[in-house]
Amino acid sequence: MTGPVATAYGPGPDQFLEVTLPDGDGPAPVVVVLHGGFWRARYGIELARPLAADLAARGWAAVAVEYRRVGAGGGWPTTLEDVAAALDALPDVPGAARMDLADVTVVGHS
């Protein structure tokens with residue numbers, strides 16, 4: 001397992017994603033992990049990291065997304081726009097060649 005490797009998908013400090021790749025050489029199915037926390041600024045990507053690591057250990061390319069949250073420039077519709085921008089950025093992130101972008105699942109929790 002490698003990672004997580006952080007990559008910005010926008011100009012803000014909360015607009016980045018972290019890619020954790022599984023062991024192996026071939027393309028892996030992708031799971032995008034959206035952390036919970038009521039969209040509040042005090043809850044961040046650290047909530048997604050354990051799940052992303054576990055998924056990568058099980059053979060998935062795990063992508064944890066940080067986004068702008070309420071109290072830090074986020075809220076409706078900004079937070080949703082950030083998630084969409086993060087998904088759009090996947091083909092250009094480091095490690096994309098190891099990710100099967102035809103097989104993407106999104107998981108979220110709150």
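With each label modelled as a point 7 angstrom along the Cα→C-beta vector, the Ala85-Arg40 pair spans 2.5 nm. For the residues Gly36, Gly26, Gly44, a GNM of the chain with alpha-carbon springs under 10 Å puts the largest fluctuation on Gly26.
A cut-off of 5 Å between modelled amide H atoms, ignoring neighbours fewer than 5 places along the same chain, links Val70 with Arg40, Ala41, Gly75. Scanning residues 5 or more positions from Leu34 or on other chains, those with amide H under 5 Å from its amide H are Val107, Gly108, His109, with H placed 1.01 Å from N in the peptide plane. Backbone phi angles across region 54-65, fed through the Karplus curve with coefficients 6.51, -1.76 and 1.60 (θ = phi - 60°), yield HN-Hα couplings of 5, 5, 5, 5, 9, x, 8, 7, 9, 10, 8, 10 Hz in residue order; Gly and Pro are listed as x.
Taking every DSSP bridge with both residues inside region 1-76, close to 60 percent are antiparallel.
Counted by Cβ distance under 13 Å from Arg68, the other residues give a net charge of -2, where Lys and Arg count +1 and Asp and Glu count -1. Under 15 Å from a label point set 7 Å out along the Cα-to-Cβ vector of Asp92, the amide N atoms of region 3-46 belong to 7-12, 15-17. Loop-located chymotrypsin sites (Phe, Trp or Tyr not before Pro) in region 5-42 (DSSP state other than H, G, I, E, B) with a sparse environment of at most 10 neighbouring Cβ atoms within 10 Å: Phe38. Here the contact order of the chain, divided by its residue count and restricted to Cα pairs under 8 Å and six or more residues apart, works out to 35 percent. Where does the charge balance sit around Val33 when Lys and Arg score +1, Asp and Glu -1, over other residues with C-beta under 15 Å from its C-beta? For residues surrounding Val33, the net value is -3. Taking Ala84, Ala53, Ala28 in turn, the Gaussian network model of the chain (Cα-Cα springs below 10 Å) assigns the largest fluctuation to Ala84. Helix 78-89 and the longest principal axis of the Cα set of the chain meet at an angle near 20°. Of Val31, Val107, the residue with the largest accessible area leads and the full order is Val107, Val31 (1.4 Å probe). Using the Cβ of Gly12 as centre and a radius below 10 Å, the other residues enclosed give a net charge of -2, where K and R count +1 and D and E count -1.
The GNM of the chain, with springs linking C-alpha atoms under 10 angstrom apart, assigns the highest mean-square fluctuation among Glu66, Glu81, Glu18 to Glu81.
The values are calculated or read from the model by the stated rules, or taken from the named source; none is laboratory data. It should be emphasised that the depicted structure is a prediction, and the values quoted were computed from it without experimental measurement. Methodologically, a virtual Cβ is constructed for each residue, glycine included, from the backbone with ideal geometry; neighbour enumeration extends over all protein chains shown. Accessible surface areas use protein heavy atoms only, side chains included; no ligands, DNA or RNA. Shrake-Rupley method; radii C 1.70, N 1.55, O 1.52, S 1.80 Å.
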